[in-house]
């Protein structure tokens with residue numbers, strides 16, 4: 001049911017928001033009945049669990065650990081691992097992951113972060129790990145007993161991932177790791193890191209391998225905790241003669257870059273889904289504000305400029321949703337490689353969400369930049385999504401190259 005009043009800040013800052021203003025997207029042919037049931041059950045969980053335990057931004061580490069435990073207890077982490085290791089489906093159902101990220105992001109950016117990183121951080125193990133690695137890590141991820149991290153970004157390579165400098169040198173039955181990674185999500189609180197390092201079989205992308213590094217491995221150091229505008233646990237991590245047994249290697253040597261790209265492709269449309277959750281919440285907040293705010297003797301909603309902004313927001317939200325769930329459907333149902341569709345979905349949804357949220361902030365006036373207000377929190381949350389897991393500029397390159405090739 002639509003709530004005509006402003007619902008206030010995000011769940012971690014106050015009262016729980018009303019359900020989605022528009023849930024008709026669930027009627028689209030991209031979905032099955034179990035997706036609609038998932039959405040209803042998760043909405044109910046968010047309205048109780050996230051509202052009952054608002055997080056304190058002064059201790060994000062503790063809040064993130066608690067959220068991982070709560071997501072595990074609720075059964076939601078079963079959607080990030082195969083059924084053989086405690087998951088729901090034999091293979092990941094990306095439509096389900098997108099629905100979960102959209103709904104969690106609507107209610108709490110940090111809850112979405114906690115969920116997403118359990119999937120991304122363990123995704124390469126799901127895709128390329130051997131049976132012993134899967135058994136050792138995936139069930140613990142699903143149960144919330146191990147927090148996962150994906151360690152690929154470096155200060156000097158950034159989007160040029162193939163030019164990473166962290167070295168993994170084979171010495172007998174071990175690999176010796178030296179180098180640094182930065183902007184690592186869950187850095188400092190993770191129980192293990194999926195690390196990508198240069199093993200040197202060939203130049204560039206063909207000389208990168210993937211490894212599992214437990215957080216207590218000798219030679220692994222959290223060099224710096226990084227504070228960003230939307231508080232999440234991030235860190236720069238350093239490897240100084242960090243010794244790994246050869247069984248820490250994930251998949252084939254020299255295949256790490258390919259496995260990383262496959263993992264990112266798998267989760268890329270879900271980043272768009274998180275952006276969609278943020279933009280849906282911004283639209284809901286803006287609609288409530290427009291209906292309740294009186295200006296010059298009339299409601300803000302009666303102003304043609306406000307109506308124009310709302311119309312643009314509605315169109316951008318719907319277009320984002322269509323692109324996201326097309327990409328997910330292409331993977332799940334059409335069983336086609338969906339790099340192009342996922343890149344389009346992430347590019348459009350994140351850029352559109354930035355605009356939708358900016359319009360919402362403008363409609364709130366001075367209140368829109370007061371810390372703790374929903375639209376202010378959304379404004380801080382959305383910015384990073386246009387950068388991580390492939391910046392918007394990288395997505396344009398992917399889209400253009402696929403277009404020219406096809």
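Coordinate-derived values only; no laboratory data. Fair warning: this is a prediction, and the values are worked out from it, not measured in the lab. All Cβ positions, even for glycine, are placed from backbone atoms using ideal geometry, and neighbour counts span all protein chains on display.
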Whole-Å distance linking the alpha carbon centroid of the stretch 124-156 with that of the stretch 30-98 is 17 Å
Computed over the chain: longest principal axis from alpha-carbon atoms vs helix 94-107 long axis, angle to nearest 10 degrees, is 50 degrees
quick note, the chain, DSSP beta bridge pairs, % antiparallel (nearest 5) is 85 percent
Averaged over all viewing directions, the convex hull of the alpha carbons in the stretch 11-146 casts a projected area in nm² of 8.1 nm²
Per GNM of the chain with C-alpha springs under 10 angstrom, the most fluctuating residue out of 26, 71, 266 is 26
Helix 131-142: inclination vs the chain longest Cα principal axis, degrees, rounded to 10, gives 30 degrees
Mean Cβ-within-10 Å packing, highest first, puts peptides 296-309, 39-52 in the order 39-52, 296-309
Taking the convex hull of the alpha-carbon atoms of the stretch 263-329 and averaging its shadow over every direction gives an area in square nanometres of 4.6 nm²
Taking only C-alpha positions in the chain, Rg and Dmax in angstrom work out to 21.2, 80
Expressed in angstrom and ordered largest first, the alpha-carbon extents of the stretch 149-254 along the principal axes are 41, 29, 21
Ratio for the stretch 86-216, C-alpha Rg to 2.2 N^0.38 Å, reads 1.12
Within the stretch 97-248, the percent of DSSP beta bridges that are antiparallel, given to the nearest 5, stands at 85 percent
Its Cα gyration tensor gives the stretch 172-211 an equivalent ellipsoid whose semi-axes in whole Å, largest first, are 22, 13, 8
Highest mean packing first, using Cβ neighbours within 10 angstrom, the peptides 177-189, 158-170, 277-289 sort as 277-289, 177-189, 158-170
Between the Cα axis of helix 109-128 and the main Cα principal axis of the chain, the angle (0 to 90°, nearest 10) is 30 degrees
Expected sort for 213-225, 141-153 on mean C-beta neighbours within 10 Å, highest first, is 141-153, 213-225
Label model pair residue 371, residue 299: point-to-point distance (7 angstrom along the Cα→beta-carbon line) in nm is 3.4 nm
Over the chain, the sum of -39500 (n - 2.57) across DSSP H runs of at least four, divided by residue number and rounded to 500 deg cm²/dmol, gives at 222 nm -16000 deg cm²/dmol
For residue 246, placing the label point 7 angstrom along Cα-to-beta-carbon and taking the stretch 196-239, residues whose amide nitrogen sits under 17 Å are 199-201, 209-212
Percent of all alpha-carbon pairs of the stretch 34-79 at distances over 13 Å, whole number, is 60 percent
Shape descriptor, the stretch 253-406: equivalent ellipsoid semi-axes (Cα gyration tensor, sqrt 5λ, whole Å, largest first) stand at 35, 16, 12
